[in-house]
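So the structure is just underneath, and the comments pick up after that.
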Amino acid sequence: MRVTQGCFSYLPDLTDEQISKQIQYCLDNGWAVNLEYTDDPHPRNTYWEMWGLPMFDIRDAKAIMGELSDCRRIHTDCYIRLSAFDATNTWESLRISFIVQRPADEAGFMLTRQEIGGRMMRYETRAYGLQKPEGARYGD
Amino acid sequence: MMLDHADPAMRPTEPIDLKAEFAGAGISEVLDGLERDLVGLKPVKARIREIAALLLVERVRQKYGYATEAPTLHMSFTGNPGTGKTTVALRMASILKALGFVRQGQLISVTRDDLVGQYIGHTAPKTKEILKKAIGGVLFIDEAYYLYRPDNERDYGQEAIEILLQVMENQREDLVVILAGYADRMDKFFTLNPGFRSRIAHHIDFPDYENAELLSISDTMLQRQNYRFTPEARAVMDRYIARRRERPYFSNARSIRNALDRARLRQANRLIAHDGLIDPAMLTMIEPEDLLGSRVFLEADTHAGEVDT
């Protein structure tokens with residue numbers, strides 16, 4: 001099951017050239033670009049690992065594409081997302097965030113139902129990937 | 001022959017209007033600005049015009065498929081302190097941006113401290129961090145010879161040099177490196193690090209300023225801050241420059257700037273001490289006594305090792 005989140009989630013995955021153009025757009029606006037990765041794709045998991053610090057003071061997309069390729073090389077089977085932070089007064093938050101890498105094989109989610117008192121139903125989504133320990137969830 | 005490699009379909013069929021290309025790149029404004037804003041530096045300006053012409057022709061050649069690879073643009077600026085190396089580097093960044101040889105055109109100015117770490121494993125990330133900032137623009141390394149310390153073979157500078165050399169070779173289209181420093185020490189640095197010499201295409205030497213040029217620079221500096229010399233003060237400044245040059249640690253335009261800063265300080269003190277009302281015009285006037293208070297005049301003989309005041 002293809003996990004989607006953030007901007008462009010309705011589009012096919014962006015090519016590197018398209019990613020690079022998005023990054024340059026962010027930099028031209030003076031936003032700080034940040035890379036994060038995780039192997040827990042649950043939609044409510046907001047705590048992704050940071051790939052270094054947010055990249056302030058960078059002017060050209062090529063520098064960030066270099067970091068992205070390093071991150072991809074090391075975290076081959078993780079989700080990687082790219083976000084850009086706008087420090088302008090009154091914004092002070094993320095302006096854009098999108099997925100730039102996903103594992104080759106996305107296991108998807110299991111839906112479990114739990115009957116509780118009064119025939120009430122409780123639902124839980126659980127990523128199949130999470131059955132393995134952290135770091136071994138995707139790939140081989 | 002280059003022509004044999006060119007794609008025949010790309011070959012020009014009509015004459016090329018280089019002048020129009022020149023105007024279209026917006027480069028003549030940058031060059032005129034250089035001519036207008038910077039006093040003296042004739043050989044430097046001439047060299048920059050040459051380089052700009054070369055780059056323009058290179059760009060046209062690229063357009064017609066004659067040029068096969070990105071030209072080497074790394075430079076070395078040699079000259080005494082205060083001769084305008086950083087200022088010219090900034091202009092160079094705009095020229096390169098105007099011609100499309102760098103994508104963003106920012107100038108990142110660094111010294112040894114910004115590149116070299118303090119312990120093992122600290123240097124590479126530090127250097128790479130700076131390089132990341134400089135990508136798409138110009139990396140200006142001031143006093144580059146400090147990177148290499150031949151007396152200490154464990155010095156981490158060597159590591160920074162290796163990373164720089166690699167980037168200068170492999171990412172030529174991403175950033176331009178300008179090394180700057182005193183002429184004699186740079187020469188020695190290049191002899192000890194032949195890798196740098198061979199990767200640098202343009203060596204530009206910055207001459208010292210003449211006294212008259214320094215006087216005209218001081219006029220401009222004051223003008224920018226809305227001050228001016230009285231005619232007598234200007235004559236004193238002329239004498240000051242001649243005397244200051246003889247003293248230790250003379251650094252051309254920078255010494256002049258410092259002297260003017262101190263003259264403004266004395267002017268302010270003079271105005272505060274002034275009894276009665278002040279004519280607003282006095283706020284902009286530098287009088288002879290503001291300059292004559294300098295130690296350069298107070299002390300007949302110079303003491304070696306003393307910094308100017």
- Please identify the pairs in which a residue from segment A:22-45 that is of a type in the set (Gly, Ala, Ser) has its Cβ atom under 7 Å from the Cβ atom of a residue that is open to solvent by 40 Å² or more (accessible area, probe 1.4 Å) and part of a strand (DSSP E or B), counting only partners at least 6 apart or on another chain. A:32/A:85
- Hey, among the residues in segment B:23-39 that are in contact with a Lys or Arg (Cβ under 9 Å, 6 or more places away or on another chain) and open to solvent by 20 Å² or more (accessible area, probe 1.4 Å), which one's nearest to residue B:88 (Cα to Cα)? B:38
- Within segment A:81-99, considering residues that are among the β-branched types (Val, Ile, Thr) and surrounded by fewer than 20 Cβ atoms within 10 Å (Cβ to Cβ), the one nearest to residue A:37 (Cα to Cα): A:96
- State whether the residues of segment B:71-91 include one that is within 14 Å of another protein chain (Cβ to nearest Cβ), over 21 Å from residue B:187 (Cβ atoms) and not β-branched (Val, Ile, Thr). no
- Task: Write out, first by first residue and then by second, each pair whose Cβ atoms fall under 7 Å of each other, whose residues are 6+ apart or on separate chains, and whose first residue, in segment B:109-121, is of a type in the set (A, V, I, L, M, F, W, C) while the second is open to solvent by 50 Å² or more (accessible area, probe 1.4 Å) and assigned to a loop (DSSP other than H, G, I, E, B).
- Result: B:116/B:156
- Task: Scan segment B:230-249 and give yes if some residue there is under 30 Å from residue B:151 (Cβ atoms), touching a residue at least 24 places away in the same chain (Cβ under 8 Å) and of a type outside the set (Gly, Ala, Ser), otherwise no.
- Result: yes
- So which residues in segment A:55-70 are farther than 17 Å from residue B:173 by Cβ, at the interface with chain B (Cβ under 8 Å from one of its Cβ atoms) and among the charged types (D, E, K, R), if there are any at all? A:57, A:67
- Task: Determine whether segment B:107-130 contains at least one residue that is surrounded by fewer than 18 Cβ atoms within 10 Å (Cβ to Cβ), aromatic (Phe, Trp, Tyr) and closer than 17 Å to residue B:79 by Cα.
- Result: no
- Residues being assigned to a loop (DSSP other than H, G, I, E, B) and of a type in the set (Val, Ile, Thr): count how many of those fall in segment A:1-42. 3
- Item | Candidate set: segment A:28-68, residues that are among the hydroxyl-bearing types (Ser, Thr, Tyr) and open to solvent by less than 60 Å² (accessible area, probe 1.4 Å); chosen: the one nearest to residue B:106 (Cα to Cα) | A:37
- Message: Looking at segment A:71-79, can you tell me whether even one residue there is more than 14 Å from residue A:40 (Cα to Cα) and part of a strand (DSSP E or B)?
- Response: no
- Task: Filter segment B:225-243 down to residues that are part of a helix (DSSP H, G or I) and either touching a Pro at 6+ places or on another chain (Cβ under 7 Å) or surrounded by fewer than 21 Cβ atoms within 10 Å (Cβ to Cβ) (or both), then give me how many there are.
- Result: 10
- Query: Going through segment B:133-178 one residue at a time, which ones are in contact with a strand residue (DSSP E or B) (Cβ under 6 Å, 6 or more places away or on another chain), open to solvent by 10 Å² or more (accessible area, probe 1.4 Å) and away from every other protein chain (no Cβ under 14 Å)?
  - Reply: B:142, B:143, B:145
- Which condition number in (1) within 16 Å of the chain's Cα centre (by Cα); (2) in contact (Cβ under 8 Å) with a residue 40 or more places away in the chain is the one that residue A:69 fails? (2)
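The values are calculated or read from the model by the stated rules, or taken from the named source; none is laboratory data. What you see is a predicted model; the values in this text were computed from it and never measured. As a convention, Cβ positions derive from the backbone with ideal geometry for all residues, glycine included, and neighbour counts pool all protein chains shown. These area figures cover heavy atoms from the full protein model, side chains too; ligands, DNA and RNA do not enter into them. Shrake-Rupley method; radii C 1.70, N 1.55, O 1.52, S 1.80 Å.
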